[in-house]
Amino acid sequence: MTDSPPRAQPLAGLRVLDLSRVLAGPWASQILGDLGADVVKVERPGSGDDTRAWGPPYLQGADGQATRESAYFLCANRNKRSIAIDMASPQGQQQLQQLAAKADIVLENFKTGGLAQYGLDYASLNALNPRLIYCSITGFGQNGPYAARPGYDFLIQAMGGLMSITGVPDGEDGAGPQKVGVALTDILTGLYATIGILAALQERRHSGLGQHIDTALLDVQVAALANQASNYLVGGVVPRRMGNAHPSIVPYQSFPTADSDMILAIGNDGQFARFCQVAGHPQWAQDARFATNPQRVAHRSVLIPLLRQTTVMRTTAEWVSALEQADVPCGPVNRLDEVFADPQVQARGIQVDLAHPLGTVATVASPVRLSATPVQYRRPPPLLGQHTQEVLHDWLQSPLADPTESTPLAPATS
């Protein structure tokens, strides 16, 4: 019996022309690159992606000195090649149009209609390449009264309702709306953009044609409200900020311990009963006010102070050890240094170090784990314009292909 030949990465052979910058678009194109696509990142000559200047911190070079490569840029741009082209110049526009004619996917996050003046909008590029999948990421979408407005993660977290349910409850010290600690709306938009691109690639197998994907940060943020949005639409009650508490599950929040804080994430009555046993208060699980989750939610104001008085009697490590043995979901509130030192994080290989022209880049691994065609870390985040001549040669050395010809993920034949 002979070994099966190695299988190519899922998106090997696909070409992505990435006109996006900052985070949502680059996050999507990094995912595509991780899965094997040839991603070409188009940057402004001289300055490049805005995030190249968003520091410190900056990558430390082999000589121990800070380079000009910002940590922010490095987080979202591996497995890409960088080309520096001025799209405002006629030559730059012609080069980008030629590259788009050879591409499977174009990704951009300019303001609505902003690329039409350069001949790089969907209508112009679709005329050159009908198989092209063109993904636009904007703050508010391609239509509607806000379509022309710029959109930023922080702004959308506020306008999309996330900040209204995030932060300390009204009436307590430190109350008020809070943003999430990372640009979560950008990240989620990058994920939804990737899903839309993969769906369009699959559809192209049958139709042979590309399409325009309209992805808006506001749409994504409202969709990501999930159960909170459903609670409002179904129940008619406007959700409020509850700190680390959960609107529908109790106890499901942080609790103080003798030395720090821990999380209890008790999702059913059996887990609650086991917690009570470990805590030395088995009677709580028999109390009619606390025996079921609906009753615990109704009597939250009585139960939570009782739990806090108990959790402060042991350290976080003592609680975690005892509750894990009882199969009660719990855990510490880790700082990032503790996250990357965690044995589970280390066992999963979540930190990936890549050789970079200026030093070694520590990156966070892709969470996509494919058994037969795993993610490959082929390229570190590029220097500005590092691959301009290489890409122009690779993509444009041959005459422009007939856009109806078969390419990867071509139409299925009957």
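Points to keep in mind about this one:
- Checking 320, 297, 302, 278 one by one, the residue that is in contact with a helix residue (DSSP H, G or I) (Cβ under 7 Å, 6 or more places away or on another chain) and aliphatic (A, V, I, L, M) is 278 and no other.
- Residue 136 within 27 Å of the chain's Cα centre (by Cα), open to solvent by less than 10 Å² (accessible area, probe 1.4 Å), of a type in the set (S, T, N, Q) and within 30 Å of residue 59 (Cα to Cα): no
- Scanning the stretch 333-385 for residues that are open to solvent by 60 Å² or more (accessible area, probe 1.4 Å), within 19 Å of residue 76 (Cα to Cα) and hydroxyl-bearing (Ser, Thr, Tyr) turns up 360, 377.
- Residue check: residue 193 meets all listed conditions (1) in contact with an Asp or Glu (Cβ under 6 Å, 6 or more places away or on another chain); (2) within 26 Å of residue 83 (Cα to Cα) but one, namely (1).
- For the stretch 265-283, residues that are touching a residue at least 40 places away in the same chain (Cβ under 8 Å), open to solvent by less than 60 Å² (accessible area, probe 1.4 Å) and out of contact with any Phe, Trp or Tyr (no Cβ under 6 Å at 6 or more places or on another chain) total 4.
- Picking from residues in the stretch 206-240 that are modelled with pLDDT of 95 or more and among the charged types (D, E, K, R), the one that is nearest to residue 101 (Cα to Cα) is 214.
- Here residue 318 clears all of (1) part of a helix (DSSP H, G or I); (2) touching a strand residue (DSSP E or B) at 6+ places or on another chain (Cβ under 7 Å) except the condition numbered (2).
- Residue check for residue 250: part of a loop (DSSP other than H, G, I, E, B), at pLDDT 95 or above, over 27 Å from the mean Cα position of the chain (by Cα) and surrounded by 16 or more Cβ atoms within 10 Å (Cβ to Cβ): yes
- Helices (runs of 4 or more DSSP H) contained entirely in the stretch 54-156, each with at least 3 residues that are without any contact (Cβ under 8 Å) to a residue 24 or more places away in the chain and not β-branched (Val, Ile, Thr): 90-102
- Among (1) hydroxyl-bearing (Ser, Thr, Tyr); (2) buried (at least 24 other Cβ atoms within 10 Å of the Cβ); (3) farther than 19 Å from residue 125 by Cα - the single one residue 20 does not satisfy: (3)
- Residue list for the stretch 160-187, restricted to those being of a type in the set (A, V, I, L, M, F, W, C), in contact (Cβ under 8 Å) with a residue 60 or more places away in the chain and part of a helix (DSSP H, G or I): 162, 165, 187
The values are calculated or read from the model by the stated rules, or taken from the named source; none is laboratory data. These figures come from a predicted structure and were not determined experimentally. Glycine also receives a Cβ, built like all others from the backbone with ideal geometry; neighbour counts cover every protein chain displayed. SASA here: full protein model, heavy atoms, side chains in, ligands and nucleic acids out. Shrake-Rupley method; radii C 1.70, N 1.55, O 1.52, S 1.80 Å.
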